[in-house]
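Structure, as structure tokens:
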Amino acid sequence: MDFTEEQVERYSRNILLDDVGGTGQRKLLDSSVLIIGAGGLGSPAALYLAAAGVGTIGIVDDDHVELSNLQRQVIHFTSDISRPKAESAAEKMRLLNPGVTVIPVMERLMAGNIVSVIKDYDFIIDGTDNFPSKFLINDACVLGGKPFSHGGILRFYGQTLTYVPGSACYRCLFQTLPPRGTVPSCGEAGILGVVAGILGMIQASEALRYILGIGELLTNRLLYMDQLTVEFRKLNTKPNPNCPVCGENRTILEPVDYEQPACSLKEGPAAKVNL
Amino acid sequence: MKVTVKLFATLKKDYFESREFDCADGTTVRSLLDSSGIKDREYHITFVNGRHADRNEKLKDGDTLSVFPAVGGG
């Protein structure tokens, strides 16, 4: 377990932790996490995972930085407006920690490419802003046996659930997408920036603790957060035998695209999954 | 039988935060919320006594039904 002097110094506060130590830091350096969405959730997750020394971090986004993003997407700066989000995020992560490998992916994840994008990563963070992507990521991760963290935010509220093979998946709780037009978009409903920050960091914490094998993950528990009342509530769940992707009689055998941008910042063509 | 309904996030602003309902035996999650005026498409997930429950689950006296809207931003 060799570290350079620079690594020992950089990661000393991690290494000092009994539950991390040199062994844990080596696990982090040898691990890989894919963050899907370099937005409100992905920004804090990307910064903290790079800072912690997760050795390889993929960051997926096909969108460009807009002025209205900067209120919460803290990895992007004013000078980044119009730049590809994945490129902007990768630059900051490399500046923060040149010792980690950052792989920007400027692609829209669809049923046709998601399997190949996620396959080399140990853990996936869903930081997308729409239901079609969330269901696509869930299905691809469940079918591929990939642990992942689901996150969703709106206004002052957030929710997160972690999946590992055998635990309840996102679809065990939410069998189908909400009907089109019934959920306001982030652009319509608003989002307090810190809500994204808090929830994205909880997702990053799940990734770190999964890699380190410490503590208790948010598996079989949906964490619901209300930042108006600063209430955190864990709600118990379990694998649903009728779940179409992980239940006893599976009907979803490969990732599929959905035609319903329910919470995207832009009203794109209905058939597209807007990350 | 008596069932307490707790609404979360936007639902509690639009309807109420917590209310006790007197309902008939056999009342389900869906039928209680229907009769409360909360439309099917306005909520996304329901828990009974802190455990995930689907909309067809029958309620029992003393149950607490927690109701959440969809939260899908990022």
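Against the list (1) in contact with a helix residue (DSSP H, G or I) (Cβ under 7 Å, 6 or more places away or on another chain); (2) at positive phi, the condition A:Gly200 fails is (2).
Would you say B:Thr10 is in contact with an Asp or Glu (Cβ under 9 Å, 6 or more places away or on another chain) and crowded, with 16+ Cβ neighbours inside 10 Å? Taking the combined requirement at face value, the residue satisfies it. All conditions but one from (1) hydroxyl-bearing (Ser, Thr, Tyr); (2) assigned to a strand (DSSP E or B); (3) within 12 Å of chain B (Cβ to nearest Cβ) apply to A:Thr162; the one that does not is (3).
Report yes if A:Ala45 is within 14 Å of chain B (Cβ to nearest Cβ), out of contact with any Leu (no Cβ under 7 Å at 6 or more places or on another chain), in contact (Cβ under 8 Å) with a residue 12 or more places away in the chain and part of a loop (DSSP other than H, G, I, E, B), otherwise no.
Details: within 14 Å of chain B (Cβ to nearest Cβ): yes; out of contact with any Leu (no Cβ under 7 Å at 6 or more places or on another chain): yes; in contact (Cβ under 8 Å) with a residue 12 or more places away in the chain: yes; part of a loop (DSSP other than H, G, I, E, B): no.
Taking the combined requirement at face value, the residue does not satisfy it.
Somewhere in segment B:29-44, is a residue more than 11 Å from the chain's Cα centre (by Cα) and modelled with pLDDT of 95 or more? No.
Among strands (runs of 3 or more DSSP E) lying entirely in chain B, which contain 1 or more residues that are within 11 Å of chain A (Cβ to nearest Cβ)? Give the derivation first.
Values: elements: B:2-7, B:18-22, B:45-48, B:51-53, B:64-68.
By residue number, B:2-7, B:45-48, B:51-53, B:64-68.
Which is within 11 Å of chain B (Cβ to nearest Cβ) and modelled with pLDDT under 95, of A:Gln203, A:Gln227, A:Gln260?
Values: A:Gln203 fails: modelled with pLDDT under 95; A:Gln227 fails: modelled with pLDDT under 95.
Only one candidate qualifies: A:Gln260.
Summed over segment A:175-224, residues that are in a helix (DSSP H, G or I) and β-branched (Val, Ile, Thr) total 5. Tallying residues that are more than 12 Å from chain B (Cβ to nearest Cβ) and among the aliphatic types (A, V, I, L, M) within segment A:22-42 yields 4. Residue under question is A:Ile214, and the condition is that it be more than 9 Å from every other protein chain (Cβ to nearest Cβ) and among the β-branched types (Val, Ile, Thr); does it hold? Answer is yes for this residue.
The values are calculated or read from the model by the stated rules, or taken from the named source; none is laboratory data. Keep in mind the model is a prediction, meaning the values are calculated, not measured. Glycine gets a Cβ as well: all are built from the backbone with ideal geometry, and neighbour counts include every protein chain shown.
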